[in-house]
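Read-outs throughout are calculated quantities, based only on the coordinates presented, and are distinct from any laboratory measurement. Treat the numbers as computed from the prediction; the structure is a model and nothing was measured. Positions of Cβ are backbone-derived with ideal geometry, glycine not excepted, and every protein chain shown enters the neighbour counts.
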Amino acid sequence: MKSVSYRQSKELNELSKSISEEKNVLLPEYNDKNKISPVLLENVKDDITMLSDWLQKRINEIEKCSNKLPSIAIFVNSEEEIDPLTEELNKKLYMNNIQVVSCPDGKVIGKNTDIRVFNIKHIKGLEFEAVFFISIDSLTQRLPSIFDKYLYVGVTRAATYLGITCNKSLPQKIEHSRKMFVEDWKNFN
């Protein structure tokens, strides 16, 4: 029997349970965090500008909802994707005084207020208030035998905010979870 983090919001617990093959996931009944649904962006098509624009907007929404920037992680599918996304996001968030740092080989670098970009294979044991999971449909194609594990572990790293992007569309394996996602967090302020 698996147990989901007690720090996680009810909405993210429900999503974790929905995507888990293990249906005996324990959910805390007393969690009273804000009701913040996960967000989804599809059809990115490896367009780093589109992706970074969307991430910038979601990060700004998180900051408005939280009154300060909480711990945020971005999970990409390879070490090669870390630096280009970090550089692009730094250009967009610079004026907001928000720093994005590359975390190669899973090294936790930077200050608590920095947004960190990791390769998905280094996520076990990490927890953040907000997590963005980049190109999960590509992960399905690249690592089909362990996709479920990475997805479940990745989703359970987020305590309150979760964003998922797809180069094309939500993988068929989790299509049933689509109704749990919203477009943005504008209405959660």
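Taking other C-beta atoms within 10 Å as the exposure proxy, Lys179, Lys10 rank Lys179, Lys10 from fewest upward. By the count of neighbouring beta-carbon atoms within 10 Å, fewest first, Lys149, Lys35 end up ordered Lys35, Lys149. Ranking of His176, His122 by neighbouring Cβ atoms within 10 Å, starting from the fewest: His176, His122. Cross-link check: pairs Lys68/Lys149; Lys45/Lys186; Lys35/Lys149; Lys64/Lys107; Lys35/Lys57; Lys111/Lys168 evaluated at a Cα-Cα cut-off of 30 Å; pairs beyond the cut-off: Lys68/Lys149; Lys111/Lys168.
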